[in-house]
Amino acid sequence: MNSISTAVHTISQAFPEGATAAEAKGIAAATNAGLAYGLAAIGPAIGIGYLVGQSVQAMARQPEAAGQVQTTMFLGIAFTEALALIGFVVFILLKFV
Amino acid sequence: MLGLQALSDSLAVLAAEGEGGGVHFPPIDHIVKWPAAFGDGQFWAFNKIGLISLIAMVVPAIFFFLAGNKAKLIPGKLQNVAESAIDFVEQQIVLPAIGPDGMRYLPMLTAMMFFIWVGNMFEVIPTAHMPANARMAGPAMLALLALVMFVGVGLKHNGLHYLKEALFPPGVPVALYIIVTPIEILSTFLIRPFSLAVRLFANMLAGHILLVTFSVLTITLTNTLSPLIVAAALSFPMLVAFTAFEFMVAFLQAFIFALLTAVYIGSALHPSH
């Protein structure tokens, strides 16, 4: 955890020489926005991969239950991807606002 | 390897041109903010988003009115389409999420789904190219509607017992209610509508930005005179593929919004589940 925050600090401090305050702020915003979205996408990516994989397995084992599994799968995807989408909103807020 | 070298060379040239060349990505204001046609700054200001929302409201209404106005036992073409649309909502949303007693919410869920879907489809309709739900106001209002709906249904059908079940879930040790009740308040009355709204909004905004990115890239690459022009052969198919993908996303988000509203209504109707 400490090494991550050190890395973030190092990245956001690595401004080119002679950058004005506004430029420095822009660079920090862009860097941290990318980092925020990247970190937010890891968990949901694993989650959706696992979820859809298990659903495909369930549908292959029991094709007659495919409709029900599919509806539940979309529900699960909707809940899982919410975190990634909030990460995306944070990205927009950091980068553009 | 030689190709990569040429590519990086021309990238360097493109970057060195600075203000004269390079990719000009429009600022976010230019791709989601639209000037008002009239009433600028007033609460009744009317812009492209308002127009698209109006179309999204009127088109399904006219469609279902024409289809259902002269309903026959042997359905015509229009009635057939409308019936299969309603049958889809019944079989995929209402029955799995609420159950047979949820059929009285079918009109609301159908209207909700088609309003969102038509609004979303303007993302890929040429000359419009703006999903109505890429602005937070529309999804936020729809999510508030869903919140009012499921709380109202819970209070109407289960009375104060609904609030008791929602705030103090049974089967939890009494001491734990200090932790559980605030979490339940947050997750039921705050995070549910918030995540409903953000899911729709962020999906449509992300799709819109994606399409803008690849459009800008393709235009810039085809206008450049450097060897980078061959990269347009990669970015243009990506634009086409993402447009097809957004067709799917537009429908899927409308479906998921209606499905989640139905799930919330179902959990308010049958709290013991």
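Some notes on this structure:
- Residue in region B:238-261 that is open to solvent by 40 Å² or more (accessible area, probe 1.4 Å) and more than 26 Å from the chain's Cα centre (by Cα) present: no
- For region B:29-74, residues that are in contact (Cβ under 8 Å) with a residue 40 or more places away in the chain and farther than 20 Å from B:GLY119 by Cα total 0.
- Just one of (1) hydrophobic (A, V, I, L, M, F, W, C); (2) assigned to a helix (DSSP H, G or I); (3) surrounded by fewer than 22 Cβ atoms within 10 Å (Cβ to Cβ) fails for B:LEU225. It is (2).
- Scanning region B:155-168 turns up at least one residue that is without any contact (Cβ under 8 Å) to a residue 40 or more places away in the chain, open to solvent by 80 Å² or more (accessible area, probe 1.4 Å) and outside any helix (DSSP H, G or I).
- Every condition in (1) modelled with pLDDT of 90 or more; (2) surrounded by 13 or more Cβ atoms within 10 Å (Cβ to Cβ); (3) away from chain A (no Cβ under 14 Å) holds for B:LEU186 except the one numbered (2).
- Counting only residues that are in contact (Cβ under 8 Å) with a residue 60 or more places away in the chain and open to solvent by 20 Å² or more (accessible area, probe 1.4 Å), region B:82-92 holds 1 of them.
- When B:VAL172, B:VAL198, B:VAL230 are checked against the criterion of being within 25 Å of the chain's Cα centre (by Cα) and among the β-branched types (Val, Ile, Thr), B:VAL198 stands alone in meeting it.
- Residue within region B:171-183 that is under 19 Å from B:LEU259 (Cβ atoms) and part of a helix (DSSP H, G or I) present: no
- Criterion: part of a helix (DSSP H, G or I), open to solvent by 40 Å² or more (accessible area, probe 1.4 Å) and either modelled with pLDDT under 80 or not acidic (Asp, Glu) (or both) - qualifying residue of A:ALA7, A:ALA24, A:ALA36, A:ALA29: A:ALA7
- B:LEU196 in a helix (DSSP H, G or I), without any contact (Cβ under 8 Å) to a residue 12 or more places away in the chain and aliphatic (A, V, I, L, M): no
- Residues of region B:218-228 satisfying the condition of being touching a Leu at 6+ places or on another chain (Cβ under 8 Å) and either at pLDDT 85 or above or within 21 Å of B:ILE28 (Cα to Cα) (or both): B:THR218, B:LEU221
- The listed residue being farther than 21 Å from B:LEU144 by Cα, within 14 Å of another protein chain (Cβ to nearest Cβ) and part of a helix (DSSP H, G or I), out of B:VAL249, B:VAL240, B:VAL230: B:VAL249
- The combined condition, being among the basic types (Lys, Arg), surrounded by fewer than 23 Cβ atoms within 10 Å (Cβ to Cβ) and under 21 Å from B:VAL58 (Cβ atoms), is fulfilled by B:ARG135.
- Some residue of region A:64-74 being closer than 26 Å to B:GLY207 by Cβ, more than 12 Å from chain B (Cβ to nearest Cβ), open to solvent by 80 Å² or more (accessible area, probe 1.4 Å) and at pLDDT 90 or above: no
- The residue of region A:39-51 that is surrounded by the fewest Cβ atoms within 10 Å (Cβ to Cβ), among those that are within 18 Å of B:ALA206 (Cα to Cα) and in contact (Cβ under 8 Å) with a residue 40 or more places away in the chain, is A:LEU39.
- Unmet criterion (only one of (1) open to solvent by less than 30 Å² (accessible area, probe 1.4 Å); (2) away from chain A (no Cβ under 12 Å)) for B:ALA202: (2)
- Qualifying residue in region A:82-97 (condition: under 20 Å from B:ALA97 (Cβ atoms), assigned to a helix (DSSP H, G or I), out of contact with any helix residue (DSSP H, G or I) (no Cβ under 7 Å at 6 or more places or on another chain) and within 11 Å of chain B (Cβ to nearest Cβ)): no
- Test: B:ALA175 is away from chain A (no Cβ under 12 Å) and closer than 30 Å to A:PHE96 by Cα: no
- Options B:LEU144, B:LEU95; residue that is open to solvent by 60 Å² or more (accessible area, probe 1.4 Å) and within 30 Å of B:TRP34 (Cβ to Cβ): B:LEU144
The values are calculated or read from the model by the stated rules, or taken from the named source; none is laboratory data. A quick note: this is a predicted structure, and the numbers were derived from the prediction, not measured. Note that each Cβ is placed from the backbone with ideal geometry, even for glycine, and that neighbours are counted across all protein chains shown. The protein model used for the area step is the full one, side chains on, heavy atoms only, and it has no ligands, DNA or RNA in it. Shrake-Rupley method; radii C 1.70, N 1.55, O 1.52, S 1.80 Å.
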